[in-house]
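Chemist: Mind looking over this structure? Questions follow.
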Amino acid sequence: MERTDEEPKWEWLNPETLRSRLTNVSLYIAAYELLEDTIVERIRDFYMTGPTYKDIFKGSDHHKDYQSQVLSKSNKANPLFASLEWLKESEAIGQKDLVAFDEDRALRNKLVHELPQVLTKGLPSELGARFSELISLLDKIERWWIVNVDMAADPKFREEEIDHRSIIPGRILALRAMLDVASGSRTYLED
């Protein structure tokens, strides 16, 4: 939340205020990095299964498939943008998701590059809404992979009826655990 005129200029020096801001920024950045990793690494792993990374630099067919099927989709030569386009073409995400991701990315960059100002002046007002959107996009992409790739490739799931809404991706569970621990509502370590 942005600092208002009623909030004292030095409110950020209050340990609880600073701790809260640092926690919120850290959780957003961690969630964003999970999302970006899901976008890029899931596809890269899909195409790179088989050879070692040493083989990739020798020009294996797996590397050529990844190059032609994914990396060629971005004129920016950036795996992130190419992967987003691949996901859109695969109907895992839509145009609205791309717009949301751009906004998530812009906020992540602001938080990282303007951290001192964010900590002293207050959190951006859109942080809560962007965080929710980011988690929804992460969940959407992870579920798409589970249903359309992981389960589709596993013969034991071909005959079963599965309620896809009941699937909770591992990265969402990890994020929930981070939120629980950061809020102090739960600990996952045994005493």
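Chemist: Residue by residue through the range 97-113, which ³J(HN,Hα) values in whole Hz follow from phi under the Karplus form 6.51 cos²θ - 1.76 cosθ + 1.60 (θ = phi - 60°), with glycine and proline marked x?
Modeler: 5, 5, 5, 4, 4, 4, 5, 4, 5, 4, 5, 4, 5, 4, 4, 6, 8
Chemist: Classify the range 117-165: rounded, prolate or oblate, from the alpha-carbon gyration tensor (a ≥ b ≥ c, eigenvalue square roots; a/c under 1.5 rounded; otherwise prolate if a/b is larger than b/c)?
Modeler: Details: a/c = 6.93, a/b = 4.11, b/c = 1.69.
Verdict is prolate for the range 117-165.
Chemist: Non-local amide H neighbours of Ile93 (under 5 Å, H modeled in plane, Pro and chain starts lacking H): which ones?
Modeler: Lys88
Chemist: Can you tell me the equivalent ellipsoid semi-axes for the range 11-183? Use √(5λ) from the Cα gyration tensor, largest first, whole Å. Could you put the intermediate results ahead of the total?
Modeler: On the way: eigenvalues 220, 86, 42 Å².
Gyration-tensor ellipsoid for the range 11-183: 33, 21, 15 Å.
Chemist: Spelling out what I want: for every residue of the range 33-40, take phi, set θ = phi - 60°, compute 6.51 cos²θ - 1.76 cosθ + 1.60 (Karplus), and round to whole Hz; glycine and proline get x.
Modeler: Result, rounded to whole Hz: 5, 4, 5, 4, 4, 4, 4, 7.
Chemist: Quick one: of Lys73/Lys96; Lys88/Lys110; Lys64/Lys110; Lys73/Lys156; Lys64/Lys88; Lys73/Lys110, which pairs are farther than 29 Å apart, Cα to Cα? Kindly include the intermediate steps, with their values, before the conclusion.
Modeler: Numbers: Lys73/Lys96 19 Å; Lys88/Lys110 26 Å; Lys64/Lys110 35 Å; Lys73/Lys156 34 Å; Lys64/Lys88 21 Å; Lys73/Lys110 27 Å.
Checking Cα-Cα distances, Lys64/Lys110; Lys73/Lys156 exceed 29 Å.
Chemist: Sticking with this structure for a sec: Using mean Cβ contacts within 10 Å as the protection proxy, how do 162-171, 118-127 order, highest first?
Modeler: Working: 162-171: 11.6, 118-127: 16.7.
So the order, starting with the most tightly packed, is 118-127, 162-171.
Chemist: Hey, another quick one. With label points built 7 Å along Cα→Cβ from the Cα atoms of Glu41 and Arg176, find their separation and express it in nm.
Modeler: For Glu41 paired with Arg176, the spin-label model returns 2.0 nm.
Chemist: Assuming R0 = 35 Å, what is the FRET efficiency of Glu16 and Val99, from their Cβ-Cβ distance, to the nearest 0.05? Walk me through the numbers on the way to the answer.
Modeler: Details: r = 35 Å, r/R0 = 1.00.
Efficiency, from the Cβ-Cβ distance: 0.50.
Chemist: Based on Cα coordinates alone, diagonalise the gyration tensor for the range 80-161, multiply each eigenvalue by 5, take square roots, and list the semi-axes in whole Å, largest first. Let's see the in-between values first.
Modeler: Numbers: eigenvalues 228, 37, 20 Å².
Listed largest to smallest, the semi-axes of the range 80-161 are 34, 14, 10 Å.
All of the numbers you see were taken from the coordinates with simple rules; none came from a lab. Predicted model, so just to flag it, every value in this text is computed and none were measured. Cβ coordinates were reconstructed from backbone atoms using ideal geometry, including for glycine residues, and neighbour counts include every protein chain displayed.
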